[in-house]
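The next block holds one structure in the form of structure tokens; read it before the comments.
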Amino acid sequence: MKPLALLALGAILHPSLVVRDVDGVRREPLKVDKGHLAALIFVTNDCPVSNYYANEIRRVCDEYAPRGLQCTLVYTDPTMKDDAALRHARDYGHGDYPKVVDRDRALVGATGATITPEVVVIRPDESIAYRGRIDNYYADLTKPRAQVTEHDWRDALDAVLSGKPVAKPEVPAVGCYIPDKKFFR
């Protein structure tokens, strides 16, 4: 695990980080409104594991939105065009939550994300409550389980929303590595 990732868990983030979403709207995805939670879901369009989880990401974001969850889908390929991200999100059934292409890797760097798909849950005090996999469907990159038995992201959300500590605040994600930005030049 990268040292940055170890520092990010539980650390206070810099909520003033501003990015533009694929619709050109100015966003501060690390800034969390009082009484809410934020989830940054790191994905890429060419990772089969990331694509598999599109419907579950939408379900969780839709289910928890009334309880104060603010979701942002973060595309990690810095060369991806906004229209391609919109098309991918539509084709895979992602919801109405904001979509951002992390061209400068500011969100990857701030949260310590290393895999797609990976979720980072941010508390109202702008600290990281959870970072990791969505659930345990994938035992390994090419080894899906017959049935999901652990719902790590949902469990983390339920804990934070009920004022309890997250039992497993960091669970390794299974999917595609987020390559360093230098590989996209």
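The values are calculated or read from the model by the stated rules, or taken from the named source; none is laboratory data. All values derive from a computational prediction rather than experimental measurement. Please note: Cβ atoms are built from the backbone with ideal geometry, for glycine as well, and neighbour counts cover all protein chains shown.
For the structure I just gave you, tell me whether Ala159 is surrounded by 21 or more Cβ atoms within 10 Å (Cβ to Cβ) and not hydroxyl-bearing (Ser, Thr, Tyr). No.
For every residue, the table says whether it meets (1) β-branched (Val, Ile, Thr); (2) in contact with a Leu (Cβ under 6 Å, 6 or more places away or on another chain); (3) within 12 Å of Pro117 (Cβ to Cβ).
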site	(1), (2), (3)
Leu37	no, yes, no
Cys47	no, no, yes
Ser50	no, no, yes
Glu56	no, no, yes
Arg59	no, no, no
Ala65	no, no, no
Met80	no, no, no
Ala85	no, no, no
Val101	yes, no, no
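Screening Asp96 on (1) in contact (Cβ under 8 Å) with a residue 12 or more places away in the chain; (2) among the charged types (D, E, K, R); (3) within 21 Å of Lys31 (Cβ to Cβ) shows it passes everything except condition (1).
Test Gly68 against the stated conditions and say whether it is in contact with a helix residue (DSSP H, G or I) (Cβ under 6 Å, 6 or more places away or on another chain) and among the small types (Gly, Ala, Ser). In short, no. Do we have any residue at all in region 130-140 that's within 15 Å of Ala38 (Cα to Cα) and in a loop (DSSP other than H, G, I, E, B)? Yes: region 130-140 contains one or more residues that are within 15 Å of Ala38 (Cα to Cα) and in a loop (DSSP other than H, G, I, E, B). The residue pairs whose first member lies in region 123-149 and is at positive phi, whose second member is among the small types (Gly, Ala, Ser) and in a loop (DSSP other than H, G, I, E, B), and whose beta carbons are closer than 9 Å, counting only pairs six or more residues apart or on different chains, are Gly132/Ala173. Residues that are surrounded by 14 or more Cβ atoms within 10 Å (Cβ to Cβ) and in a helix (DSSP H, G or I) occur in region 143-152; there is at least one.
Need the failing condition index for Val174 against (1) surrounded by fewer than 18 Cβ atoms within 10 Å (Cβ to Cβ); (2) part of a loop (DSSP other than H, G, I, E, B), just the number. In the conditions (1) surrounded by fewer than 18 Cβ atoms within 10 Å (Cβ to Cβ); (2) part of a loop (DSSP other than H, G, I, E, B), Val174 misses (1) alone.
Residues are listed down the side, and each one gets a yes or a no for (1) farther than 19 Å from Thr111 by Cβ; (2) assigned to a helix (DSSP H, G or I); (3) at pLDDT below 95; (4) more than 16 Å from the chain's Cα centre (by Cα):
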| residue | (1), (2), (3), (4) |
| --- | --- |
| Leu7 | no, yes, yes, yes |
| Leu30 | no, no, yes, no |
| Asp62 | yes, yes, no, no |
| Val74 | no, no, no, no |
| Thr79 | yes, no, yes, yes |
| Ala89 | yes, yes, no, no |
